[in-house]
Amino acid sequence: MGARLACTANPIPILARARPCTTDVADTVSSLLRSIRACTTCASVLEKGPNPVVQFAGSSRLVIIGQAPGAKVHESGVPWQDASGDRLRDWTGLSAGDFYDPGKVAIVPMGFCYPGKGSHGDLPPRPECAPQWHDRIFDLLPDKRLLLLVGSYAQARYLARPGGKPSLTDAVRNFRAYGPSIFPLPHPSWRSGIWMKRNPWFEAEVLPPLRKAVRAALR
């Protein structure tokens with residue numbers, strides 16, 4: 001697990017903006033975590049300063065790619081430790097113990113730090129994070145893994161969209177089109193309650209196979 005895979009061997013099927021190999025030094029989980037936690041790339045534009053929130057180990061077979069930490073998670077340093085996280089754990093059927101076990105679950109958001117407040121909620125994830133860190137993390141994970149693409153930012157980067165760009169709703173409803181290793185989901189913010197009322201099929205048609213896929217990934 002300590003050796004980096006060749007850049008062309010990334011098992012994520014869509015990397016339209018894939019980052020080329022830029023280092024000859026092999027990452028390990030511990031060295032990469034240290035590098036991430038010391039990152040100050042975006043320090044000058046982060047409202048509350050850098051505090052990267054990420055979780056992974058060499059055996060993580062379930063990968064959750066969300067947006068970016070909110071203010072509460074920025075303060076605690078614990079990913080998804082908020083109402084959105086409670087909702088995501090309910091959707092996936094994961095206990096808190098499994099969710100926060102890096103040996104089972106990698107939590108790799110599109111932006112690792114809280115981006116700050118905008119005029120209509122939190123700002124988007126900083127664009128520097130995913131190109132700088134994601135490939136290096138994924139190179140250390142098992143080839144066989146399940147990716148949960150939580151929200152539109154993760155889906156915009158990692159979903160293959162033949163024939164155009166479907167809406168988030170279309171991507172979630174047609175999750176089977178993306179194969180057994182990728183599961184697109186809405187972001188579980190408070191707004192998802194409104195979305196679920198408009199799309200009752202989500203609870204009936206998507207959550208049962210999602211929970212089954214999550215259980216299979218953790219076996």
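Nothing in this text is a laboratory measurement; each read-out follows from the coordinates by a stated rule. Worth saying up front: this structure is predicted, and the values here are computed from it rather than measured. Using ideal geometry, Cβ is built from the backbone for each residue, glycine included, and neighbour counts are taken over all protein chains shown.
Here are the numbers for the structure shown:
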{"quantity": "Total charge dipole magnitude, the chain, about the Cα centre, Cβ charges on Lys, Arg, Asp, Glu only, Debye to nearest 20", "calculated": "440 debye"}
{"quantity": "Of all DSSP beta bridges in the chain, antiparallel share, percent nearest 5", "calculated": "20 percent"}
{"quantity": "Shape category assigned to the stretch 111-219 from the gyration tensor of Cα positions, a/c cut at 1.5", "calculated": "oblate"}
{"quantity": "Inverse of mean 1/r across different Cα pairs in the chain, Kirkwood, Å", "calculated": "17.7 Å"}
{"quantity": "Dipole-positive endmost among A213, G118, G103 within the chain (Cβ charges, Cα centre)", "calculated": "A213"}
{"quantity": "Simple Cβ-charge dipole of the stretch 82-156, Lys/Arg +1 and Asp/Glu -1, about Cα centre, in debye nearest 20", "calculated": "60 debye"}
{"quantity": "Order by protection proxy (mean Cβ within 10 Å, highest first), peptides 197-210, 42-55", "calculated": "42-55, 197-210"}
{"quantity": "Label point at R198 placed 7 Å out along Cα→Cβ; residues across the stretch 138-155 whose backbone nitrogen lies under 20 Å", "calculated": "150-155"}
{"quantity": "Net lengthening on full extension, A96/L207 (0.36 nm per residue, minus Cα-Cα)", "calculated": "38.2 nm"}
{"quantity": "Estimated inter-spin distance, K144 and A43, nm [label 7 Å along Cα→Cβ]", "calculated": "4.3 nm"}
{"quantity": "The stretch 23-217: relative contact order as a whole-number percent, Cα under 8 Å and 6+ apart", "calculated": "25 percent"}
{"quantity": "Long-range HN-HN contacts of D122 with modeled amide H, under 5 Å", "calculated": "none"}
{"quantity": "Among F175, G58, L185 the positive-end extreme of the charge dipole of the chain (Cβ point charges)", "calculated": "F175"}
